[in-house]
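Notes to accompany the following structure.
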Amino acid sequence: MSPRSIGFIGGGRVTRFMLDGWVRAGGLPGSIVIGDPNPEVRALTQQRFPSAQVVADNLGPAAQDLVFLAVHPPSIGEVLTGIQGGLRPDTIVVSLAPKATLARLQAGLGGFGRLARCIPNAPSMVGQGLNPVAFGPELPAPERELVADLLRPLGHCPEVSEELLEGYAILTAMGPTYLWPQLYELTDLGMTFGLDRPTALAAVAAMVEGTARTMADSGLGEPAVLDLVPVHPLREQAATWRQQYREVLGALHAKLRP
Ligand SMILES: NC(=O)c1ccc[n+]([C@@H]2O[C@H](COP(=O)([O-])OP(=O)(O)OC[C@H]3O[C@@H](n4cnc5c(N)ncnc54)[C@H](OP(=O)(O)O)[C@@H]3O)[C@@H](O)[C@H]2O)c1
């Protein structure tokens, strides 16, 4: 089951890759209304999704069957204040922002409790997302199923406890940004070794998928997995960036925690 109409408040990156994911999976689910104050973002979003209604205010998107809050945490407060009077009693509100808890959302919406939170990731664009979702206690079971049905074409959407969502924001939402520079570098190197670009990209993609699956599915612990390959040309550098991961991402997680 799918909502008949979906609103997005904020028409930026997350909105675009979710819409891209649905288009790729067979089409947009219902009619789409997107609100964003930035004219450049509106133009870009309208060009990419001609059938969507792209508007400058947030009341249009808020009046739909389901509305995603796709703005950064500092903007959440003003968005909640602005849409509180415009929500229908049967609307479902799904926030995509870290930090703003279900309790804060409910308070900011004057007690409105048909709420969920989700932290999507960019691979949703190609149907390979990992989009954990936490439901507000007042959201009835059929509406929870409707949210899950909507997210399913974008990838996995496990139900998780709300306290874990900021961890997922660091691990899976921002995670691609840690890996992409390394993987593009490898792709470019592959081309200097004689592979053409599509072949290098396919080789890197297969290597990364298999590497991750070996960690998850081999039953081996970290030392045994690392020992599968005897030569580690970047061992010293890895020690440095592992330390940086701990420092930078640990601090960011502490900052994101509500
Ligand atoms: N991108 C991801 O991979 C990802 C993954 C998981 C979760 N998220 C979360 O999703 C939210 C949006 O992220 P994003 O990556 O889409 O950011 P983004 O590309 O910067 O897009 C946010 C958009 O919201 C607009 N906006 C600002 N204030 C607004 C308001 N009051 N009403 C309506 N729109 C407003 C912004 O306009 P201006 O440019 O004029 O400010 C911008 O166009 C954030 O909370 C982020 O943490 C993102």
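Quick notes on this one:
- Only helical runs count toward this figure. For the chain, summing -39,500 (n - 2.57) over DSSP H runs of n ≥ 4 and dividing by all residues gives -14000 deg cm²/dmol at 222 nm.
- Positive-end residue of VAL54, LEU66, TYR184, charge dipole of the chain with Cβ unit charges: VAL54
- Dipole moment magnitude, nearest 20 debye, the chain about Cα centre, only Lys, Arg, Asp, Glu C-beta charged: 320 debye
- Prolate/oblate/rounded label for the chain (Cα gyration tensor, a/c 1.5): prolate
- Ranked by the mean number of other Cβ atoms within 10 Å of their residues, highest first, the peptides 135-148, 162-175, 225-238 fall in the order 162-175, 135-148, 225-238.
Values quoted throughout were computed directly from the atomic coordinates according to the rules given, and no laboratory measurement underlies them. Computed from a predicted structure; not experimentally measured. We place every Cβ from the backbone using ideal geometry, glycine too, and count neighbours over all the protein chains shown.
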